[in-house]
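So the structure is just underneath, and the comments pick up after that.
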Amino acid sequence: MNQLLADNPLVTTEWLAEHINDTNLVIVDAYMANIVGKEPIVYDEFCCLPRSRKLDVELDFCDHASSQIHALPTESQFTKAVQELGINSDSIVVIYDNQGIYSSPRTWWTFKVMGFEHVYVLDGGLPKWQEEKREVVTSYQQIPSLGNAVAKPNRHLACDSDELLHVIDTDAVILDARGEMRFLGKAAEPREGVRSGHIPSSKNLPFAMLLDNTTFKNKEILNSIFQERVPSNITKVFFSCGSGITACILMLAAVSIGYKNVVLYDGSWADWGSNHNLPIE
């Protein structure tokens, strides 16, 4: 199964339906209560994928001791969370969310930052699964036992404002996933005390541009969108957004079409925009 997935971080609903009963597969519902930057899909009644296990992204996968709104979890916090989900070092983890593509990419990248390789995102998530009339259930799977997965961080996959400050006006590209009006400073930021505008030399790529309703657009379209913003000689791309969540939608798309050297600005605009020592445009 690993070989089937080796080159693509996305799995289809067809693939998951075929493999849903595989022994070492763990399905994770990456739940987020707060949806920013899109009209949320609201459900009349709770449902989830069969055999799925709940991960509260904001509660369990963010470092609450940090001054950042959605800081990546600590090593010990990540290890505790994934072990409580019953995830082992050899598990194949498929993540989905109930918005289609929203919080699942951030969860995927958190696994990557913490050194977990066999992790994938269900393209289209719960909405596409339901649209295809596939089975849903009304309760999460009971976790059989604690897992043994342990964080082994790849810290170069995320950066802070200090590192980003040094790549402004270099040959690196910074992509910002916020909507155009926020990027241009023409719309107020949703968080108090955060300035309007964007990181100097960054380019705008609203995450909605990459999506066709609840799924990613096809690879040809994604390629053309990225090629407009990332020159062919660029080897490293940094990603930002409001607080580090939707930037990962861009990252997942980029990795799915072959970009290798990608870095998340974890604090994103909530961090940059609230620090008056940092330049803005």
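Can you work out the accessible area per residue across segment 156-274, with the rest of the protein chains kept in place, probe 1.4 Å, in square angstrom?
Solvent-accessible surface per residue comes out at 41 Å².
If R0 is 25 Å, what FRET efficiency do you get for Val137 and Glu84 from their C-beta distance, rounded to 0.05?
About 0.80, to the nearest 0.05.
Taking a 20 Å limit on the Cα-Cα distance, which of the listed pairs Lys80/Lys236; Lys186/Lys217; Lys112/Lys152; Lys54/Lys152; Lys128/Lys219; Lys80/Lys260 fall beyond it?
Lys80/Lys236; Lys186/Lys217; Lys54/Lys152; Lys80/Lys260
Just to make sure I understand: if all protein chains stay in place, what is the order of Met32, Met181, Met209 by accessible area at 1.4 Å, largest first?
Final ranking, largest accessible area leading: Met181, Met209, Met32.
For the peptides 115-127, 134-146, what is the packing order when you average, over each peptide's residues, the other Cβ atoms within 10 Å and list the highest mean first?
Listed from highest to lowest mean packing, they are 115-127, 134-146.
Provide the FRET efficiency to the nearest 0.05 for the Leu184-Ala65 pair, computing r from the beta carbons and using R0 = 45 Å.
The value I calculate is 0.85.
If you average 1/r over every pair of different alpha-carbon atoms in segment 10-153 and take one over that average, what Kirkwood value in Å do you get?
Computed over Cα pairs of segment 10-153, the Kirkwood hydrodynamic radius comes out at 15.3 Å.
Once the piece of chain linking Asp22 and Lys203 is laid out straight, how much longer is it, given 0.36 nm per residue of separation minus the C-alpha distance between them?
61.0 nm
What figure in square angstrom, to the nearest 10, would you give for the accessible area of Lys80 with a 1.4 Å probe?
Around 120 Å² of this residue is reachable by solvent.
Which value results for Rg/Rh of segment 180-281 when Rg is the Cα radius of gyration and Rh the Kirkwood radius based on the inverse mean 1/r?
Using Cα coordinates only, the ratio equals 0.97.
Got a number for carbon plus sulfur as a percent of the chain's accessible area, 1.4 Å probe?
48
Please list, ordered by chain and number, the residues whose modelled amide H lies under 5 Å from the amide H of Phe216; skip anything fewer than 5 residues away on the same chain.
Long-range HN contacts for Phe216: Gly124.
Based on the mean of other beta carbon atoms within 10 Å per residue, what is the order of 258-265, 156-163, most packed first?
258-265, 156-163
The values are calculated or read from the model by the stated rules, or taken from the named source; none is laboratory data. It should be emphasised that the depicted structure is a prediction, and the values quoted were computed from it without experimental measurement. As a convention, Cβ positions derive from the backbone with ideal geometry for all residues, glycine included, and neighbour counts pool all protein chains shown. These area figures cover heavy atoms from the full protein model, side chains too; ligands, DNA and RNA do not enter into them. Shrake-Rupley method; radii C 1.70, N 1.55, O 1.52, S 1.80 Å.
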